[in-house]
Amino acid sequence: MTVHRIHTEDQVELAVTRLDGAAAGAPVVVLVHGLFCHRSFWLSKKGGGLGPYLAERGYDVWIPELRGHGRSPKDRRFRGWTAEDQLQFDVPAVQRLVGATTGRNAHWVGHSWGGQAIMGSLGGGWLDRGSIASLVTLGANVTAGDDWMKKRLPAAAAKLVLAVTGKVPAPLLGLGPEVASRGYVMDFFRWKGRNGAWLTRDGRDYWQGVRAIDRPLLAFAAPDDKNDPAWGCEKLFDAVGSDDKRFVLLSKQNGFATEYKHVEMIISKEAQAEVWPMIDAWMKAHPTGQ
């Protein structure tokens, strides 16, 4: 693999891993991780994961790590970095790198916050949808869950802890390998808290931008997902304006081997047998986004 080092427009360093060995002109795919994660979600230390699976099937695979995650270093600005910074600066910087290096449109795949980051960057007008072949989201939602953010006492307590520590210590809480900054979580209070709305910092409606998305979209949701409930994922899917889109609920009732959960929809033996081939087939069916 090769790790590219780039800087965003606000001068934050990002690490982007490219899996070596793709043939010239291979279809390009970008895999975006979720909250508290890094590249190991797609590329395990033992060399497994969706990234190598797609590489073995002829894709040119790129795995960015968003600011402050994995090999993308934290600096003195970390506690103030926001979720919207990732939408406005990180995701577009990755798109520019991949486009300039390959000269090709890319498929974009995101799990959880990674899927929401892709959709939000499109909704905010920062990601160039004309350079996207297709979209795949798994457990991507901005509406459902995190109801505690709307309750005064839990919200006040969380904000106090964030003010003191500047971060969410996810590894200590068993939430994942990466911490999240105070600024990141405060954006979610702005979007999902009491009287919250999914608006940019300058007051533009993300939903309006999402309705303008015309790229092919395959969206997965899990019936047993406690982080991003299926109805919230479906609401985001329904808002997308594309005429070429498909929503898949990964349930036994729909013929799948298990009632999938949030992480297991990507990291499980069942997902390897059922979900990964569907992603491969979708991208092969949309080589240019048409």
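The values are calculated or read from the model by the stated rules, or taken from the named source; none is laboratory data. Owing to the predicted nature of the structure, the values given are computational and were not obtained by experimental measurement. Quick reminder, even Gly has a Cβ in these numbers, built from the backbone with ideal geometry, and neighbours come from all protein chains shown.
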Any hit, segment 243-251, residues being of a type outside the set (D, E, K, R), in a loop (DSSP other than H, G, I, E, B) and touching a residue at least 40 places away in the same chain (Cβ under 8 Å): no
Scope segment 179-227; condition among the aliphatic types (A, V, I, L, M), touching a residue at least 12 places away in the same chain (Cβ under 8 Å) and under 28 Å from R152 (Cβ atoms); matching residues: V179, A180, V185, M186
Qualifying position, being closer than 28 Å to W42 by Cα, charged (D, E, K, R), touching a helix residue (DSSP H, G or I) at 6+ places or on another chain (Cβ under 8 Å) and modelled with pLDDT under 95, among K226, K167: K167
Restricting segment 113-151 to residues that are under 15 Å from the mean Cα position of the chain (by Cα) and hydroxyl-bearing (S, T, Y), the residue that is farthest from T82 (Cα to Cα): S134
Qualifying residue in segment 238-257 (condition: farther than 29 Å from T288 by Cβ, buried (at least 17 other Cβ atoms within 10 Å of the Cβ) and of a type outside the set (S, T, N, Q)): yes
Meets criteria (touching a strand residue (DSSP E or B) at 6+ places or on another chain (Cβ under 7 Å), of a type in the set (D, E) and touching a residue at least 40 places away in the same chain (Cβ under 8 Å)) for E65: yes
Scope segment 75-96; condition without any contact (Cβ under 8 Å) to a residue 60 or more places away in the chain and in a loop (DSSP other than H, G, I, E, B); matching residues: R76
Selection status of Q253, more than 26 Å from W126 (Cα to Cα) and of a type in the set (S, T, N, Q): yes
The one condition in (1) outside any loop (DSSP other than H, G, I, E, B); (2) under 19 Å from the mean Cα position of the chain (by Cα); (3) not basic (K, R) that H262 fails to fulfil: (1)
Any pair with Cβ under 6 angstrom, 6 or more apart, that starts in segment 263-289 at a residue that is surrounded by 14 or more Cβ atoms within 10 Å (Cβ to Cβ) and ends at one that is part of a loop (DSSP other than H, G, I, E, B) and among the acidic types (D, E): none
Lone qualifier among G130, G99, G115, G110 - being in contact with a Ser or Thr (Cβ under 7 Å, 6 or more places away or on another chain), surrounded by fewer than 18 Cβ atoms within 10 Å (Cβ to Cβ) and not in a loop (DSSP other than H, G, I, E, B): G99
